[in-house]
Amino acid sequence: IATNNEEFETPGDKLIGGLLTADFDERSCVSRYHQSLLYRKPSPYKPSEYLVSKLRSYEKLHKRCGPGTDSYREATKNLGHGGEKSVGECRYIVWVAVYGLGNRILTLASVFLYALLTERVVLVDQSKDISDLFCEPFPGTSWLLPLDFPLTKQIDGYNMGYSRCYGTMLNNHAISANSTPPHLYLHILHDSRDEDKMFFCAKDQAMIDKVPWLIVKANVYFVPSLWFNPALQAELTKMFPQKEASFHLLGRYLFHPTNQVWGIVTNYYNAHLARADERLGLQIRIFSDQPGYLQHVMDQVLSCTQREKLLPQVATKEGPKANVSETPKLKAVLVTSLYPEYSDRLKKMFSERPSSTGEIIEVYQPSGERYQQTDKKLHDQKALAEMYLLSLTDKIVTSARSTFGYVAHSLGGLKPWLLYQPKDATAPDPPCVRSTSMEPCHLTPPSHGCDAEWGTDSGKVVPFVRHFFCALGVKMKL
Ligand code: GDP
């Protein structure tokens, strides 16, 4: 007889060790409970009891303060009218959808973690297609920012120059301990100034904590910046004893594809990937002035996958016949890219000659959209479906600096092989590196300039940040 504890360990643990609440209707969002049951191997990364308890209390808080509640009405009543009147007991953080889907997923997870740590309620901008992509994550309430939110019309124009932007206020000495603004705009993008990054400092947080509304535009995964804050480190360690599983767990808690997207994922998986003995994911993202099919990228992909023994060579015409076993292994390769040519070449290569190991290699690519069309519903749904499909593979090769790839490997609990970004139109040598962790990268070096050590190398101050989260897109072997 299985005890409760043992049940948590079984592959069929649909609540992922208590990470998910059981309070949802299954049919309205099939992916929520089904992905872990039917499509994923059990993750070795279990949520800590502390994380589980934080999530359950967050769900209560969201229900108490979320849209439609008296608290929400009170908090929004005077917002935008300049007054500093009473705003009630709830504090909020609004996530604004900017940049591509990978960026959005990483920043939303970061904002949610900040909300968990600071007991704020996270509300998401629904002006884009977020509700066509994800189910509601919190039971009995909604995470969508109501369309009649008083600042809705202004939010689009918020940027570094805005007078309520935190960094700008610091620059203008417009912040004082005895007057709390009713809202602040946080600019956490690749071009953030040092003053914007001061948001993460313990001293600044003490003041920011009192501000009822925070509105965030972000395109970097800023969880590493939270780890830098000494006041938050103890709490974070209790929530994530395995630091490198931070996004993995947050992502599995928050992001449940809608039934429409899940339909794309499961149909594709069942048709092409389910039968294989092993699945390899290949994410090819081109950051180049002339995007498209690039021969040096194709060379790089082949050289990486063959060096790392992820794909076999093809047999030479004269060479000895491969030692083919009676039932050759079937390896399915899932390629995702905006360009279909990469998988076409691979397919051709493995269909013309047998592989040197005798393995059967089947190559699939679900779409080839050619160019990024963020905010077009079907395009974004395909992108999300492909991130999920990649996360269901056994081994994964992703492109350095691509948030699309970060989401895929982190959700999957996979340490990727990262393809270095090519320079001068040549295949880098070595072509790729095995990542030290499955966490997404921060993309820009997080500043750690809160006190005296301003300007010091952040990786030296808190070494694990470099190890698990890395900066500049590539996790180096240490
Ligand atoms: P990043 O730019 O690589 O960091 O990733 P983002 O997801 O933020 O932005 C890239 C966007 O381009 C995606 O969201 C998709 O809209 C599109 N895109 C890029 N690569 C792919 C791909 O392999 N498949 C699909 N379907 N879309 C892609």
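Since every read-out is calculated from the coordinates, none of them should be taken as a lab result. Just so it is clear, the structure is predicted and the values come from calculations on it, not from any experiment. Cβ sites come from the backbone with ideal geometry, for glycine too, and all protein chains shown count toward neighbours.
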Inset, instruction - Pop a pseudo-label 7 angstrom from the Cα along the beta-carbon direction at both Leu15 and Arg193 and give the gap in nm to one decimal. - result: 4.9
Legend entry - 32 Å Cα-Cα threshold exceeded, pairs from Lys210/Lys238; Lys197/Lys395; Lys46/Lys153; Lys63/Lys153; Lys128/Lys309: Lys197/Lys395; Lys46/Lys153; Lys128/Lys309
Legend entry - Per-residue HN-Hα couplings for region 136-151 [Karplus 6.51, -1.76, 1.60; θ = phi - 60°; Hz; x = Gly/Pro]: 5, x, 10, x, x, 7, 9, 9, 7, 5, x, 5, 8, 3, x, 9
Legend entry - Pairs of Cα atoms farther than 43 Å apart, the chain, %: 17
Inset, instruction - Work out how much length Tyr371 to Lys309 would gain on full extension: take 0.36 nm times their residue separation and subtract the Cα-Cα distance, in nm to one decimal. - result: 19.2 nm
Legend entry - GluC sites (Glu not before Pro) lying in DSSP loop within region 269-372, provided at most 10 other Cβ fall within 10 Å: Glu318, Glu326
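Between Gln126 and Asn78, what length comes free when the chain is fully extended (0.36 nm per residue of separation minus the Cα-Cα distance, one decimal in nm)? All intermediate terms of the calculation are to be shown ahead of the outcome.
Details: separation 48, 0.36 × 48 = 17.28 nm, distance 2.19 nm.
The Gln126-Asn78 span can extend by a further 15.1 nm.
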Legend entry - Label-reachable residues, region 35-54, where backbone N falls under 20 Å from a point 7 Å from Asn259's Cα toward its Cβ: 35-39
Legend entry - Computed over region 259-440: relative contact order in percent, which uses C-alpha pairs under 8 Å that are six or more apart: 27
Legend entry - Residue-by-residue Karplus 3J(HN,Hα) for region 188-197, coefficients 6.51, -1.76, 1.60, Hz, glycine and proline x: 10, 10, 4, 9, 4, 8, 3, 5, 5, 6
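Using a 10 Å cut-off around each Cβ, can you sort Lys217, Lys309, Lys347 from fewest to most neighbouring Cβ atoms? Spell out each step's value before the answer.
Working: Lys217 23, Lys309 9, Lys347 18.
By the 10 Å Cβ count, ascending: Lys309, Lys347, Lys217.
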Inset, instruction - Please compute the Cα-Cα pair-distance distribution of region 259-440 with 5 Å bins starting at 0, giving whole percents from short to long. - result: 1, 8, 16, 21, 21, 16, 9, 4, 2, 0, 0
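For the chain, give me the percentage of DSSP beta bridges that are antiparallel, rounded to the nearest 5 percent. Write out the running numbers ahead of the final one.
Details: 7 of 42 bridges.
Here the share of antiparallel DSSP bridges comes out near 15 percent.
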Inset, instruction - Please provide three numbers in whole Å: the alpha-carbon extents of region 52-191 along the principal axes, with the largest listed first. - result: 41, 35, 29
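Take Cys90, Cys441 and order them by how many other Cβ atoms sit within 10 Å, fewest up front. Present the calculation step by step, with values, prior to reporting the outcome.
Details: Cys90 20, Cys441 26.
Final ranking by Cβ density, sparse to dense: Cys90, Cys441.
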Inset, instruction - Could you state the angle between the C-alpha long axis of helix 259-268 and the longest principal axis of the C-alpha atoms of the chain, as a value from 0 to 90 degrees rounded to the nearest 10? - result: 20
Legend entry - In nm, spacing of pseudo-spin labels at Asp277 and Thr118 (7 Å Cα→C-beta vector): 5.2
